[in-house]
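Okay, structure first, notes after.
The values are calculated or read from the model by the stated rules, or taken from the named source; none is laboratory data. Remember, it's a predicted structure, so these values are computed and weren't measured experimentally. Because the Cβ atoms are built from the backbone with ideal geometry, glycine has one as well, and the counts that use them run over all protein chains shown.
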Ligand SMILES: *Cc1c(COP(=O)(O)O)cnc(C)c1O
C-alpha cells in the first residue's frame, strides 16, 4: 500500500534507516563513550534477531511462559450500550504479569543472555517496567538492578516490593527532584561504568537507536497475532485500531500489524486535567520538536526548552515525549493522534469493568474511552482496542480518589 508517497509494502525494511532515523525523528544523541556501548547492542541485535535459535526460543517462551497468544475478546455488552459499532479488545492484560511490557522485556533479556551479559539495568518511574524486567531477569537467571527516584519509591510501595520479591536490587536515587529523570541519569551512568557485563533495557519505544526499533520489533507480536485473530473471528479487518500512547510501545506493537492495511489507526494521548502545560502529557498533540533522553522527537518543553513537568491520572502515560516512530507516523499522516482526559478514562474504567467483567489499567482505559467516543460517531463497523494491561494496580487509587459509582 502507498500512502503519502511512502511504500508501506517495504516499511519495516526502510524504517528506521541505518542510523536509527524515521524521517528526521529518532537517531542517537548520546556522549561518545556511551555510543560505543550502544553500538555493541545494535550490532548484536541485528545479527542475533535473525538467528533461528533466538527466534525459536523467544516463540517457545511466549507460548509456555507468557501465555501467548493472548485472545481477542468481543466486547458485546459494551458495544450494545453504545449502538451498532462492534468493539473488540486485544487482551494484553492476560499476558503474564498483566501487561504488554513483558513482551519487550523477555526479548531484551534474552538478547542480553545471548550477548553473554550477567546483569540487566534499567530505570523505572511508576515501577511497571521495573517489575516486568525483574520478572524476565528472574526467568533467565540474570542479575537485575533497577534505578528509581526516592519520591517514586515512596509512592509505589507495592511495585518496589514486587521487584524485591523477584530478586531485583532497587537502587534509590536521591539527586534533584528524585523522580524518573534522575533515575534515567543514574541508570545510564551505572551502565557506562560496567557495560562489558551489563545490558541496558529500555521500557518503551524511546531512547537512542536501536531501542525504539528493538522494542517495536519485540512488541509487534501483538499486532501480528491481532490481525490474524481478527480475520479469523470476523472474516474482515477492523475499520479502526486504537491504543494509548505513553512512550508508545503497546501502540507500536498493535499498529505495526495494520500499517499496510486500509485501516484507520489512532493513538490516544492523556489530556489529564486539561490543555495547560503541566496538566497533561499529550506530547504529540501539544509538543514541539526536540532532543531528550538521546533521541529526536516531539516533546513537551518548559520555558528553558527542557522536558516539562507532565501529568496524567495514569502514571504509565506521564512521559514528556513519545517514541520517534510515532512522531514520524503523525507527520506523514498515517496515524492520527487524539486526546482523552482523566474523567473520560475513569468512566471507561468503570464501564468496561461492569459491562464486560474486565478491569482495565488506567492507561488502557484511555484507549477504551476513545473507542467508545469513536463508536458513537460511526454508523456501523468495528474497532479493535489494545487493552494494554489489567487494572488491579489502580483499584485502590481509583476508589480513594473517585469513589465507586452506585449500581
Ligand atoms: C507502561 C504502560 C503503558 C504505557 O507505555 P507504552 O510504552 O506507551 O505502551 C500503557 N499501558 C500499560 C498497562 C502500561 O503498563
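Would you please name the residue that is nearest to the ligand (Cβ to nearest atom), looking only at residues in segment 365-407 that are assigned to a loop (DSSP other than H, G, I, E, B) and within 23 Å of residue 273 (Cα to Cα)? The qualifying residue nearest to the ligand (Cβ to nearest atom) is 388.
For segment 336-364, a residue qualifies if it is outside any helix (DSSP H, G or I), in contact with a helix residue (DSSP H, G or I) (Cβ under 8 Å, 6 or more places away or on another chain) and within 19 Å of residue 92 (Cβ to Cβ), and the qualifying residues are 340, 358, 359, 360, 361. The residue of segment 126-145 that is farthest from the ligand (Cβ to nearest atom), among those that are surrounded by 24 or more Cβ atoms within 10 Å (Cβ to Cβ) and outside any helix (DSSP H, G or I), is 144. All conditions in (1) under 23 Å from residue 356 (Cβ atoms); (2) in a helix (DSSP H, G or I); (3) over 22 Å from the mean Cα position of the chain (by Cα) hold for residue 84, with the sole exception of (2).
How many of the residues making up segment 160-184 are modelled with pLDDT of 95 or more, outside any strand (DSSP E or B) and either touching a strand residue (DSSP E or B) at 6+ places or on another chain (Cβ under 9 Å) or surrounded by 13 or more Cβ atoms within 10 Å (Cβ to Cβ) (or both)?
9
Confirm whether residue 220 is within 16 Å of the ligand (Cβ to nearest atom), without any contact (Cβ under 8 Å) to a residue 60 or more places away in the chain, under 24 Å from residue 102 (Cβ atoms) and surrounded by fewer than 24 Cβ atoms within 10 Å (Cβ to Cβ). Yes. For segment 92-116, the set of residues classified as more than 10 Å from the ligand (Cβ to nearest atom), outside any helix (DSSP H, G or I) and in contact with a strand residue (DSSP E or B) (Cβ under 7 Å, 6 or more places away or on another chain) consists of 115 only. Count of segment 99-128 residues, restricted to those that are within 13 Å of the chain's Cα centre (by Cα) and under 26 Å from residue 227 (Cα atoms), is 7.
Taken together, 240, 281, 314, 226 contain a single residue that is in the same structural domain as residue 376 (by TED's automatic domain parsing) and away from the ligand (no atom under 16 Å from the Cβ), which is 240.
Yes or no, residue by residue, for (1) away from the ligand (no atom under 16 Å from the Cβ); (2) surrounded by 21 or more Cβ atoms within 10 Å (Cβ to Cβ); (3) at pLDDT 95 or above; (4) in a strand (DSSP E or B):
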| position | (1), (2), (3), (4) |
| --- | --- |
| 257 | no, yes, yes, no |
| 262 | yes, no, yes, no |
| 269 | no, yes, yes, yes |
| 289 | yes, no, yes, yes |
| 296 | yes, yes, yes, yes |
| 303 | yes, no, no, no |
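Taking (1) surrounded by fewer than 19 Cβ atoms within 10 Å (Cβ to Cβ); (2) more than 22 Å from residue 329 (Cβ to Cβ) in turn, residue 17 satisfies each apart from (2).
When you go through 317, 284, 271 one by one, which is the residue that is more than 30 Å from residue 403 (Cβ to Cβ) and under 20 Å from the mean Cα position of the chain (by Cα)?
284
Within segment 185-200, the set of residues being free of Cβ contacts under 8 Å to residues at least 12 places away in the same chain and assigned to a loop (DSSP other than H, G, I, E, B) comprises 196 only.
Each residue in segment 341-355 was checked for being over 15 Å from residue 386 (Cα atoms) and touching a residue at least 60 places away in the same chain (Cβ under 8 Å), and 4 pass. Taken as a whole, the condition of being over 26 Å from residue 284 (Cβ atoms) and in contact with a strand residue (DSSP E or B) (Cβ under 9 Å, 6 or more places away or on another chain) applies to residue 359. Screening the candidates 108, 92 for the property of being in contact with a helix residue (DSSP H, G or I) (Cβ under 8 Å, 6 or more places away or on another chain), in the same structural domain as residue 241 (by TED's automatic domain parsing) and surrounded by 19 or more Cβ atoms within 10 Å (Cβ to Cβ) yields one hit, 92.
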